[in-house]
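The values are calculated or read from the model by the stated rules, or taken from the named source; none is laboratory data. Bear in mind the structure is a predicted one, so any value in this text is a computation, not a measurement. Reconstructed Cβ throughout: ideal geometry from the backbone, glycine too, with neighbour counts over all protein chains shown.
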Amino acid sequence: MPGYRWGVTTSTKSGRDQVEKALELAGRYNVPYMPRERLSLSHLKADRGLDYLLTLDRDCHLFMEEPPLHWHPSMAIPRLRQIAAGKPDIFLTAAGLTSGQQVLDCTLGLAADALVAAWAVGEEGKVLGLEASPIIAAITDWGLRRETPQFDSKKTPLVAIARRISVLSAEALDYLRGQEADSWDVVYFDPMFRAANHQSSGINNLRPLACYAPFDQEVLTEALRVSRRRVVLKERWFSPLFKKLEATRLEKTKYGPVAYGIWEKERYTYDK
Ligand SMILES: C[S@@+](CC[C@H](N)C(=O)[O-])C[C@H]1O[C@@H](n2cnc3c(N)ncnc32)[C@H](O)[C@@H]1O
C-alpha cells in the first residue's frame, strides 16, 4: 500500500490559510502539493501522473471529487445515541470495553467503530487507528480533528470523543510486528469484504482506495501477542475464518449479516 499516486490541492477560491494547510498535509504524507491556479483537477492530475487528488476548500473541508469521498461520522452518531439511551451495541459487547482501556483499531476506515470505542474507554482511555490507505488515513484524521464540530451535540460530544483517537497511516501486520507483547487491551479488525455491501454506501466509496489484506493466522498470532485481553474480528456470520482460526466465541445479532469473532488471550496458545 498504496498502489496509487496522489497529491493535495486547494479549491480555486481558497486563500493563503488553505494553501498553507494543504502544503502541510502534503508534507506530512510526502506527496506533491499542486498549486491550483484555476486549473481543472483532471489537468493537475494528468500533469503529475496522479491517480487521486485531495482538495481543501475555502471552508477547510477536505474531500476527493473523483471518486467522491469526504469524512463523515456515518453510523457513529445513531449508535452513540442508542448507547446513550441504554441500548446495547454489539461491537462494544464483543470488545468488552471499559473505561481507561487502550484499543488498537487495525482497520480504521472512516472511524465509526473507533468513535464508539473512544466513547467506551472514556477520557482515561485511548484508541489508535491504523489505516493502510494514506488517502483514507488523511481524510479520517482531518475529519476527526476538524469536521467533528459540525456533528457535536450534548448527546454525542464528538469533538471530545474524537480527541481520544490517534490516526496512523500504517498496514496492520507491519505495525503489529513492531509492537511489544501485551501493549493494547483490545486489538480490533474490520477488514474489507471482497464483495460490495450495497447497504453500506459509506464503505462502498472507500472500495477503490482501500486495503484488502487478509486476516489470517499470522495476523491473528501477532494481534494476540500484542493484546492484553482479546482480539476481535468483524466478519460475515458465515465466514469460515471463525472456525478455521478457532475463535473463542462469537457475538451476533439475530438478524444482521455480521458477527464478531472473539479470541480471548488467556484461552489461546498463540505460539502454536
Ligand atoms: C471495512 S473498513 C473499516 C470501517 C471502520 N471499522 C469504520 O467503522 O469506519 C476497512 C478499512 O480498513 C482498512 N484496512 C484493511 N486492511 C487493513 C490492514 N491490514 N491494515 C490497515 N488498514 C487496513 C481499509 O483500507 C479500510 O479503510
inquiry  = Regarding region 14-26, can at least one residue be identified that is touching a residue at least 40 places away in the same chain (Cβ under 8 Å), touching a helix residue (DSSP H, G or I) at 6+ places or on another chain (Cβ under 9 Å) and among the small types (Gly, Ala, Ser)?
reply    = yes
* To do: Check region 188-198 and report whether any residue there is closer than 18 Å to His70 by Cα and charged (D, E, K, R).
  => no
Problem - Condition check for Gln101: farther than 15 Å from Arg229 by Cα and away from the ligand (no atom under 14 Å from the Cβ) - result: no
Scanning region 211-267 for residues that are of a type in the set (S, T, N, Q), more than 16 Å from Leu104 (Cα to Cα) and buried (at least 18 other Cβ atoms within 10 Å of the Cβ) gives Ser239
What do you reckon, is Leu110 in a helix (DSSP H, G or I), surrounded by 24 or more Cβ atoms within 10 Å (Cβ to Cβ), modelled with pLDDT of 95 or more and within 11 Å of the ligand (Cβ to nearest atom)? no
Scanning region 74-97 for residues that are more than 19 Å from the chain's Cα centre (by Cα) and among the hydrophobic types (A, V, I, L, M, F, W, C), the one farthest from Arg228 (Cα to Cα) turns out to be Ala85
Taking region 113-136 and keeping residues within 12 Å of the ligand (Cβ to nearest atom) and within 23 Å of Lys87 (Cα to Cα) leaves Asp113, Ala114, Leu115, Val116, Ala117, Ala118, Val127
Here the qualifying pairs (Cβ atoms under 8 Å; residues six or more apart or on different chains; first in region 79-95 and within 15 Å of Gly256 (Cβ to Cβ) and among the aliphatic types (A, V, I, L, M); second at pLDDT 95 or above and assigned to a helix (DSSP H, G or I)) come out as Leu92/Ile83; Leu92/Val116; Leu92/Ala117; Leu92/Ala120
Go through the residues of region 137-145 one by one and say whether even a single one is within 16 Å of the ligand (Cβ to nearest atom), assigned by TED's automatic domain parsing to the domain that holds Thr248, part of a loop (DSSP other than H, G, I, E, B) and in contact with a strand residue (DSSP E or B) (Cβ under 8 Å, 6 or more places away or on another chain).
no
